[in-house]
Amino acid sequence: MKYLFELLRDKNPELLVYSAICLVGALSCWVMVNYSVTTVLGISAWIKPFKFFLSTAIFVLTMGFYTSYLDNQRQVEIYTWSMIVLFSIELILITYQAAQGKMSHFNVATAIDQLIFNLMAVAITILMLHTLYVALLFFNQTQFDAPETLVLAIKLSLLVTVVFAFEGFAMGALLKHTVGSTDGSPGLPVTNWSKHYGDLRVAHFFGMHALQIIPLLAYLVAKTKREVVMIAALYLAFVTYTLLQALQGKPFIKL
C-alpha cells in the first residue's frame, strides 16, 4: 500500500487526491446509512452511493497503478481527467437522487429522472470506451518495466472489465437488475443481490473487478504467460456463468 501511495504521488497525484475524495465520500455515505431514515426499494438510500464511491476509489487507484507502466504518459494524463470528470458526473447524480429518496438507475418516472439516468449512461459509456483505448495502448506497447506475466494479466483484465461494464446495457434495457421479479426483493447484506431471483449486478460486479482479481491471482500463482491465460479464461468462465445464472432467474446464492 505504501508503494502504491508513493507511486501515485510521483506519477499521478491527481488520481491519488481523487481516490481520497472518493473514500471520504464513501465514509460520509456510510454515516448516512446509519443515521438517515431515507430508503429506496426497502434499504437505505445511501448504500448505493456508498458502494459507488468505494468502487470508484478502487478503480482509479488500480488504473493509476497500471497506467504508470505506459510510455505514452500524455494519453495517461488525458485518461486521468476523463476518469475524474466522468466518474464525478455519475457520483454527483447518484448522490443527488439518493438525497431525494429516488432511484438513480432505471428511473424514468419523470423527465428529470430520465435525463439523470441517460446522463449517467452516457458518462460511463464514454469512460469505458476510453478504457478500451487504454487497453489498446497496452497491447500496442512492446516493452514494459514490469514482469511479462503481470503485463499480460493487466491486458486481459482490462478486456474482461470493459466487456462486463457494457453488460450494464442489459439492465438498462430491462430498466431493472432483477430477473424473475421486480427490483426490491430481499437481498444479501451490503451488495443487496437478490436472495431469491436472478440478479444481473452479480456478473457486472465480478466482471468489473476482474481489473483487480485477475492480476492479483496471476501475481500470486502464475509463473508463465500460459498460466495467466488459464487464470483469465477460468475467471471469464465464472463471470459468464453468473450472468447465465441470473438470466435464468436463479440467485447467485440461494438462501
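Observations, loosely collected:
- Any hit, region 216-231, residues being surrounded by 15 or more Cβ atoms within 10 Å (Cβ to Cβ), within 22 Å of Met128 (Cβ to Cβ) and touching a residue at least 24 places away in the same chain (Cβ under 8 Å): no
- The one condition in (1) without any contact (Cβ under 8 Å) to a residue 40 or more places away in the chain; (2) assigned to a loop (DSSP other than H, G, I, E, B); (3) farther than 28 Å from Leu27 by Cα that Ala170 fails to fulfil: (2)
- Residues within region 92-116 that are within 19 Å of Cys22 (Cβ to Cβ) and open to solvent by less than 10 Å² (accessible area, probe 1.4 Å), tallied: 4
- Which numbered condition Ala237 misses (of (1) at positive phi; (2) open to solvent by 30 Å² or more (accessible area, probe 1.4 Å)): (1)
- Contacts under 6 angstrom Cβ, first residue in region 183-197 being hydrophobic (A, V, I, L, M, F, W, C), partner part of a loop (DSSP other than H, G, I, E, B), 6 or more apart: Trp193/Phe252
- Residue in region 228-235 that is closer than 24 Å to Phe59 by Cβ, out of contact with any Cys (no Cβ under 8 Å at 6 or more places or on another chain) and part of a loop (DSSP other than H, G, I, E, B) present: no
- One residue alone among Thr110, Thr95, Thr56 is of a type in the set (S, T, N, Q) and touching a residue at least 40 places away in the same chain (Cβ under 8 Å), and that residue is Thr95.
- Where a residue in region 125-147 is more than 29 Å from Glu90 (Cβ to Cβ) and its partner, wherever it lies, is open to solvent by less than 90 Å² (accessible area, probe 1.4 Å) and in a helix (DSSP H, G or I), with Cβ under 7 Å and at least six apart: Phe144/Val151
- Among the conditions (1) farther than 30 Å from Tyr69 by Cβ; (2) open to solvent by 60 Å² or more (accessible area, probe 1.4 Å); (3) in contact with an Asp or Glu (Cβ under 9 Å, 6 or more places away or on another chain), Val179 misses just one, which is (2).
- Within region 32-58, the residues that satisfy the criterion of being β-branched (Val, Ile, Thr) and more than 18 Å from Gln100 (Cβ to Cβ) are Thr56, Ile58.
- Residues in region 199-227 that are touching a Leu at 6+ places or on another chain (Cβ under 6 Å) and either farther than 18 Å from Leu150 by Cα or in a loop (DSSP other than H, G, I, E, B) (or both): Ala203 alone.
- Pro13 passes every criterion in (1) in contact (Cβ under 8 Å) with a residue 24 or more places away in the chain; (2) more than 15 Å from Phe87 (Cα to Cα) apart from (1).
- Residues of region 1-41 that are open to solvent by 40 Å² or more (accessible area, probe 1.4 Å), under 24 Å from Ser185 (Cα atoms) and either part of a strand (DSSP E or B) or among the small types (Gly, Ala, Ser) (or both): Thr39 alone.
- Residue under evaluation Leu136, criteria (1) under 19 Å from Leu156 (Cα atoms); (2) assigned to a loop (DSSP other than H, G, I, E, B); (3) open to solvent by 20 Å² or more (accessible area, probe 1.4 Å), criterion not met: (2)
The values are calculated or read from the model by the stated rules, or taken from the named source; none is laboratory data. Model, not experiment: these values are computed from the prediction. No Cβ is skipped: glycine too gets one built from the backbone with ideal geometry, and neighbour counts run over all protein chains shown. When the accessible area is computed, the model is the full protein with side chains, heavy atoms only, and any ligands, DNA or RNA have been set aside. Shrake-Rupley method; radii C 1.70, N 1.55, O 1.52, S 1.80 Å.
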